[in-house]
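Trainee: I have a structure I would like to understand better, so I am pasting it below and will then ask my questions one at a time.
Rule-based calculations on the coordinates, nothing more; no lab input. Here the structure is a predicted model, which means the values were calculated and not measured. Don't worry about glycine lacking a Cβ; one is built from the backbone with ideal geometry, like all the others, and counts go over all protein chains shown.
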């Protein structure tokens with residue numbers, strides 16, 4: 001009999017599997033180990049062969065129920081769903097240092113292999129759609145959101161402010177392993193595209209500014225206090 005916890009059901013999988021849903025849940029199921037699953041995604045789990053413990057039929061080591069490797073538009077949609085779930089989770093290791101979804105993480109969630117070109121194509125398509133998003137306000141007017149400055153100096157200032165914001169309020173998930181702000185973290189704050197080269201240039205300018213401040217502080221003469 002499945003254990004019942006409010007809002008959850010005990011399920012079991014016949015293989016190691018990571019379930020990522022469009023509802024924002026990413027749950028890892030270990031083969032043969034009962035796991036509590038939120039009822040909100042129970043149908044998603046059952047759809048890939050992860051069953052309530054009182055319904056599960058697990059022949060010894062049989063991995064016969066496997067996720068279907070989709071093709072065409074269905075395959076693209078599956079990859080999109082995983083990427084959207086990763087964006088909502090924003091976990092460390094879900095994205096590369098360049099802000100691109102990790103191929104290994106996406107494959108693990110899908111249950112089948114994809115190639116870099118395929119992943120890059122879907123990611124680029126999603127980025128382009130975000131750039132083209134138009135939101136209607138209550139008056140029916142189109143709000144296109146902030147526009148990327150055309151003036152080089154204005155753009156430089158915007159990048160600097162984004163980096164300052166990340167340094168002041170960001171979490172460890174906003175940085176690479178080397179401590180450099182992620183491109184996607186800058187994009188999240190600016191709401192327009194930022195290239196890796198632009199991020200690197202802005203970060204270099206920020207570091208130079210820090211060095212200059214440090215030199216100024218060290219060279220500032222101490223005031224002699226007389227009694």
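Trainee: Want the number for residue 150 to residue 98: 0.36 nm per residue separation, take away the alpha-carbon distance, what's left?
Mentor: Extending this stretch completely gives an extra 16.4 nm.
Trainee: Now a separate question. As an exercise, use a Förster radius of 45 Å and the Cβ-Cβ distance of residue 112 and residue 160 to find the FRET efficiency, rounded to the nearest 0.05.
Mentor: 0.60
Trainee: From the square roots a ≥ b ≥ c of the eigenvalues of the alpha-carbon gyration tensor of segment 4-52, which class results: rounded (a/c under 1.5), prolate (a/b over b/c), or oblate?
Mentor: Oblate, since a/c reaches 1.5 and b/c is not below a/b.
Trainee: Neighbouring Cβ atoms within 10 Å as the yardstick, rank 202, 98 fewest first.
Mentor: Starting with the residue having the fewest Cβ neighbours, the order is 98, 202.
Trainee: Want the number for residue 196 to residue 173: 0.36 nm per residue separation, take away the alpha-carbon distance, what's left?
Mentor: 6.6 nm
Trainee: Express the relative contact order of segment 72-132 as a whole percentage, based on alpha carbon pairs under 8 Å and six or more residues apart in sequence.
Mentor: Averaging sequence separation for qualifying contacts and normalising by length gives 36 percent for segment 72-132.
Trainee: What is the order of 112, 206, fewest Cβ neighbours within 10 Å to most?
Mentor: 112, 206
Trainee: Express the relative contact order of segment 4-52 as a whole percentage, based on alpha carbon pairs under 8 Å and six or more residues apart in sequence.
Mentor: Value for segment 4-52: 45 percent.
Trainee: Let me make sure I get this right: for segment 72-132, a, b and c are the square roots of the gyration tensor eigenvalues over alpha carbons, sorted descending. Under 1.5 in a/c it's rounded, otherwise prolate if a/b > b/c, else oblate. Which is it?
Mentor: Rounded, since a/c falls under 1.5.
Trainee: Continuing with this model, one more query. Fewest first, what order do 166, 82 take by the number of other Cβ atoms within 10 Å?
Mentor: Fewest to most other Cβ atoms nearby, the residues stand as 166, 82.
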